[in-house]
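Heads up: the structure comes next, in structure tokens.
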Amino acid sequence: MIASDAQAGSAPAILVVDDSSTIRRSAEIFLSQAGYAVLLAEDGFEALSCVVDHEPALVFCDILMPRLDGYHTCSLIRNSERFSLLPIVLLSSRDGLFDRARGALAGANAYLTKPFAKDSLLRIVRDLLPQPVS
């Protein structure tokens, strides 16, 4: 797990979980520039540990990852009493109806198709987080 130092401690922390370093880095840049603190994880197991240790305000989670995929990661977070209301956005290069439906069944709040644009990423953050970054 890696944390960006962009206003760490004062800004809401957003966890980005993806086995692709390119996707993690892109999301980190976009979110840091918008004033958010960013936590990074490479797979679902790292994500679960990070959620417990750092209590992020929002999670972006890739679906296709080794060891523990995004659907199961989402379900495990959602089934935790402590984190059941944590907003989760699933990330995937697939944009089919089945993929979106399975994500909703796992408890995801939203679904974002990769590659994503800065505007679409930040729009979802604004929709899901109650307090904007000042």
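The values are calculated or read from the model by the stated rules, or taken from the named source; none is laboratory data. Worth saying up front: this structure is predicted, and the values here are computed from it rather than measured. All Cβ positions, glycine included, derive from the backbone under ideal geometry; neighbour counts span all protein chains shown.
Per-residue answers, yes or no, for (1) over 14 Å from Leu129 (Cβ atoms); (2) exposed (fewer than 14 other Cβ atoms within 10 Å of the Cβ); (3) out of contact with any strand residue (DSSP E or B) (no Cβ under 8 Å at 6 or more places or on another chain):
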{"site": "Gln33", "(1), (2), (3)": "yes, yes, yes"}
{"site": "Val38", "(1), (2), (3)": "no, no, no"}
{"site": "Ala41", "(1), (2), (3)": "yes, no, no"}
{"site": "Glu46", "(1), (2), (3)": "yes, no, no"}
{"site": "Ile63", "(1), (2), (3)": "yes, no, no"}
{"site": "Ser75", "(1), (2), (3)": "yes, no, yes"}
{"site": "Phe83", "(1), (2), (3)": "yes, no, yes"}
{"site": "Leu86", "(1), (2), (3)": "no, no, no"}
{"site": "Leu91", "(1), (2), (3)": "yes, no, no"}
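Residues checked against (1) among the hydroxyl-bearing types (Ser, Thr, Tyr); (2) buried (at least 19 other Cβ atoms within 10 Å of the Cβ); (3) touching a Ser or Thr at 6+ places or on another chain (Cβ under 7 Å); (4) over 21 Å from Arg123 (Cβ atoms):
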| residue | (1), (2), (3), (4) |
| --- | --- |
| Phe30 | no, yes, no, no |
| Gly70 | no, yes, no, no |
| Ser80 | yes, no, no, yes |
| Phe98 | no, no, no, yes |
| Ala106 | no, yes, yes, yes |
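One residue stands out among those in segment 103-133 that are assigned to a helix (DSSP H, G or I) and under 19 Å from Asp19 (Cβ atoms): the one that is modelled with the highest pLDDT, which is Leu121. Annotation note: Cβ proximity below 7 Å between a residue of segment 114-134 that is more than 17 Å from Ala37 (Cα to Cα) and a residue that is at pLDDT 95 or above and in a helix (DSSP H, G or I) (sequence gap 6+ or interchain) occurs for Lys114/Ile23. Please count how many residues of segment 56-88 are over 20 Å from Phe98 (Cα atoms) and in contact (Cβ under 8 Å) with a residue 40 or more places away in the chain. Counting residues in segment 56-88 that are over 20 Å from Phe98 (Cα atoms) and in contact (Cβ under 8 Å) with a residue 40 or more places away in the chain gives 6.
Inside segment 85-102, residues that are farther than 18 Å from Ser49 by Cβ and either of a type in the set (Asp, Glu) or not in a helix (DSSP H, G or I) (or both) make up a count of 11.
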